[in-house]
Amino acid sequence: MSTAITDTSLKAKPSDRLFKWVEPTKFEHNVATRENKWIKIAVISMGLSFFALFLLLPLIAVFSEALRKGFGVYWLALTDADALSAVRLTLLAASIAVPLNLVFGVAAAWAIAKFEFKGKQLLITFIDLPFSVSPVIVGLVYVLVFGVNGWFGEWLVANDVKIIFAVPGIVLATIFVTFPFVARELIPLMQAQGKEEEEAAVVLGAGGWQTFWYVTLPNIKWGLLYGVILCNARAMGEFGAVSVVSGHIRGQTNTLPLHVEILYNEYNFAAAFAVASLLALLALVTLVLKTWVEHRADTNASAH
Amino acid sequence: MSIEVKNLHKQFGSFTALDDISLNFPSGELVALLGPSGCGKTTLLRIIAGLDQADSGSVILEGDDASATHVRERQVGFVFQHYALFKHMTVFDNVAFGLRMKPRKTRPSEKVIAEKVHRLLELVQLDWLADRFPSQLSGGQRQRIALARALAVEPRVLLLDEPFGALDAKVRKELRRWLRKLHDELHITSIFVTHDQEEALEVADRVVMMDHGKVEQVGTPDEVYNHPETPFVYGFLGSVNLFHGRVDDGHLHIGDDVIHNQGENYEHGSEVYAFARPHELEIVTDNQQVNGLSAKVNRVLSFGLNSRVELDGINSAAGQHFEVELSPQRVDELSLTSGQIVKLVPSKLKLFHRDSINKDSLA
């Protein structure tokens, strides 16, 4: 039973699971199901060349362009004061947005999966809003609301609070854009798990926090980690929304992706690619972490 | 501890799950809530536990109205159909959970907890599994662990929701006997929900029969089986033969057939349903016999202790099927052949007024 539950929960994750369950060799060995050799070669080579052309090549290009003028230039571009400030700001925005979305996401998923209330469907729809709306719109909306000429503009100016073209705006935009990652990951997982274990805990005398901490959280930890990793990747890589609200002030309101753009527009290709390579590295680290978490969740599912 | 529920009503949209239920569960008894799925038995159990809220009515635990008491203060033990064991905890940690969640003031020390957990695991005869995870256990073992976990907090009542529903037939039978034995040792007031009549009759001190959110009958297994008060109970407990007829002058008329001396207390012309269990029907092959309902022999199944004869209704009872249980010797004596027309004579027949019957409950 327990494995059946975890299996459905894992279906929510897009991954290469298909290949784990269906052994390709089975079909290969069977004359009745074996495909023509040429079809096989054609399909495989199509897949591989697509991958090489659109994924691998650009990735290699980023690193080769970054290192074209030697490691010294590469290192200088990364340790440049503006670049370091962009790194700091990116880390800051992510370190605020990710924990907040972790809390929001868990709360929203908990509410949706474990309780019945009016407007639940509406809430689910709203959680997806950041995925469906263009990030640029998000930025513009924030400018409209918090900008100098926006709804709260006068009050903000009067009280000397800067949101747009300042760090708070960047953080807000990042939170908005990355909101669905954790919730989206957890909702199907928690729904599949049902609420029997929580009910069992409450009947045994556990309080609300105890139930969450000792029963719910351990059951969702891998899904949660997965969501957090994706959320973090997006938070650090977000361009559109942040670009609108940032104001592109060097050394102050530039995040890494914005810094790449500025350097590129200044024809400073080596530096632009050097900074871009940081983001590419982040993507690779994310992928490795993601695979590791999936693997852990898998072994956990089969062990438990 | 005694449990009482008064005028419980629960509605899910347009579906009435509980319709004015009042029941009394005396202290120390093992009571079965028995009924088909959707009859409201699980809802009733969950309301007693506090996991669901009734729309109106009250739950009285040991004389105190507990309707507003939070689940975690009701001191009930609950066993779920699908065990609901904590997947990420060992068997030991599962059983210890309730004790560890107690407020610091009343929480026993780890040493006391360990002793208690091992005692409980011995009680359910699974002490050797303490370090395993739930996924490494069989269904029957899991449910025993779930029971040990529920007992750890020394609940005042034990509520079991289809505890053996997810297990295969053999294990179910073993656990049934084992639960009865356990109850005889602990004497804790227990209610268990089941849709399996055999399980209810075999295990419980008393059976509460439910259908469509209403209580149909309450009684000992013997009472509900041998003296069903309603057509539903008759139909639900064991197989039964049903006849549609009319009472005239103290005889039951079914189409052109007459069954003598039935329904003396019924008014002339009453429309009735008549019930007889398979072993309460006798087959008569004598064509001159007037008394009895005509039927056509379809098949004779002679295996097991008793032989069963399947018959098809003819004339007014066409389309109906009957079943008669006879001793193998009797079947030999009769030497029935397929297609033979015989008479069915009931040794015992229970009549109900036709208009008193909810049509669905006969299904």
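For this structure, a couple of remarks:
- Qualifying residue in region B:188-195 (condition: open to solvent by 30 Å² or more (accessible area, probe 1.4 Å) and out of contact with any His (no Cβ under 9 Å at 6 or more places or on another chain)): yes
- Any chance B:PRO155 is more than 8 Å from every other protein chain (Cβ to nearest Cβ), open to solvent by less than 30 Å² (accessible area, probe 1.4 Å) and not in a helix (DSSP H, G or I): yes
- Output for region B:62-95, where each listed residue is at the interface with chain A (Cβ under 7 Å from one of its Cβ atoms), closer than 16 Å to B:ASP52 by Cα and in contact (Cβ under 8 Å) with a residue 60 or more places away in the chain: B:VAL76, B:PHE78, B:PHE80
- Against the numbered list (1) free of Cβ contacts under 8 Å to residues at least 24 places away in the same chain; (2) under 21 Å from A:LEU287 (Cβ atoms); (3) surrounded by 13 or more Cβ atoms within 10 Å (Cβ to Cβ), A:SER64 comes up short only at (3).
- Where B:GLU162 falls short, out of the listed (1) without any contact (Cβ under 8 Å) to a residue 40 or more places away in the chain; (2) more than 23 Å from B:LYS6 (Cβ to Cβ); (3) charged (D, E, K, R); (4) away from chain A (no Cβ under 12 Å): (1)
- Matching residues, region B:221-242, being under 15 Å from B:VAL272 (Cβ atoms), among the hydroxyl-bearing types (Ser, Thr, Tyr) and either outside any helix (DSSP H, G or I) or open to solvent by 10 Å² or more (accessible area, probe 1.4 Å) (or both): B:THR230
- Helices (runs of 4 or more DSSP H) wholly inside region A:187-297 containing at least 3 residues that are surrounded by 16 or more Cβ atoms within 10 Å (Cβ to Cβ) and touching a residue at least 60 places away in the same chain (Cβ under 8 Å): A:217-237, A:240-246, A:256-265
- Hits in region A:67-88 (condition: open to solvent by 20 Å² or more (accessible area, probe 1.4 Å) and within 26 Å of the chain's Cα centre (by Cα)): A:LEU78, A:ASP82, A:LEU84, A:VAL87, A:ARG88
Conditions (1) farther than 22 Å from A:LYS290 by Cα; (2) of a type in the set (A, V, I, L, M, F, W, C); (3) within 14 Å of chain B (Cβ to nearest Cβ), marked per residue:
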residue	(1), (2), (3)
A:ASN149	yes, no, no
A:TRP155	yes, yes, no
A:ALA166	yes, yes, no
A:ALA173	yes, yes, no
A:PRO188	no, no, no
A:GLU198	yes, no, yes
A:GLY207	yes, no, yes
A:ASN219	no, no, yes
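- B:ILE314 meets all of the listed conditions (1) open to solvent by less than 50 Å² (accessible area, probe 1.4 Å); (2) closer than 20 Å to B:ARG277 by Cβ; (3) not aromatic (Phe, Trp, Tyr) but one, namely (2).
- Within region B:115-129, being open to solvent by less than 10 Å² (accessible area, probe 1.4 Å) and either in a loop (DSSP other than H, G, I, E, B) or away from chain A (no Cβ under 14 Å) (or both) holds for B:LEU121, B:VAL124, B:LEU126, B:LEU129.
- Summed over region B:24-42, the residues that are open to solvent by 10 Å² or more (accessible area, probe 1.4 Å) and either within 14 Å of chain A (Cβ to nearest Cβ) or in contact with a helix residue (DSSP H, G or I) (Cβ under 8 Å, 6 or more places away or on another chain) (or both) give a count of 2.
- Within region B:158-192, the set of residues being part of a loop (DSSP other than H, G, I, E, B) and within 23 Å of B:THR90 (Cβ to Cβ) comprises B:PRO163, B:ALA166, B:LEU167.
- Some residue of region A:89-97 being at pLDDT 90 or above and loosely packed, with under 15 Cβ neighbours inside 10 Å: yes
- Yes/no for B:PRO108 being more than 10 Å from every other protein chain (Cβ to nearest Cβ) and of a type outside the set (Gly, Ala, Ser): yes
- The number of residues in region B:197-220 being free of Cβ contacts under 8 Å to residues at least 24 places away in the same chain and surrounded by fewer than 18 Cβ atoms within 10 Å (Cβ to Cβ) comes to 3.
- Looking only at region B:2-42, and only at residues there that are within 15 Å of the chain's Cα centre (by Cα) and of a type in the set (Ser, Thr, Tyr), the one that is farthest from B:TYR234 (Cα to Cα): B:THR42
- Subset of region B:163-178 [open to solvent by less than 20 Å² (accessible area, probe 1.4 Å) and either touching a strand residue (DSSP E or B) at 6+ places or on another chain (Cβ under 8 Å) or under 16 Å from B:GLY98 (Cα atoms) (or both)]: B:PRO163, B:PHE164
- Scanning region B:130-152 for residues that are part of a loop (DSSP other than H, G, I, E, B) and either more than 12 Å from chain A (Cβ to nearest Cβ) or out of contact with any helix residue (DSSP H, G or I) (no Cβ under 9 Å at 6 or more places or on another chain) (or both) gives B:ALA130, B:ASP131.
- Within region B:85-95, the presence of at least one residue that is surrounded by 20 or more Cβ atoms within 10 Å (Cβ to Cβ), among the charged types (D, E, K, R) and under 13 Å from A:ALA201 (Cα atoms) is confirmed.
- Residue, nearest to A:ILE164 (Cα to Cα), within region A:125-142, restricted to residues that are assigned to a helix (DSSP H, G or I) and within 16 Å of the chain's Cα centre (by Cα): A:PRO135
- Positions within region B:315-334 being at pLDDT below 85 and of a type outside the set (A, V, I, L, M, F, W, C), in sequence order: B:ASN315, B:SER316, B:GLY319
- Screening the candidates A:LEU258, A:LEU289 for the property of being hydrophobic (A, V, I, L, M, F, W, C) and within 15 Å of the chain's Cα centre (by Cα) yields one hit, A:LEU289.
- All of (1) among the small types (Gly, Ala, Ser); (2) open to solvent by less than 10 Å² (accessible area, probe 1.4 Å); (3) more than 13 Å from chain A (Cβ to nearest Cβ) hold for B:GLY98 with one exception: (3).
The values are calculated or read from the model by the stated rules, or taken from the named source; none is laboratory data. Remember, predicted model here, so these are calculated numbers, not experimental data. In this analysis, Cβ positions are derived from the backbone assuming ideal geometry, glycine residues included, and neighbour counts consider all displayed protein chains. The protein model used for the area step is the full one, side chains on, heavy atoms only, and it has no ligands, DNA or RNA in it. Shrake-Rupley method; radii C 1.70, N 1.55, O 1.52, S 1.80 Å.
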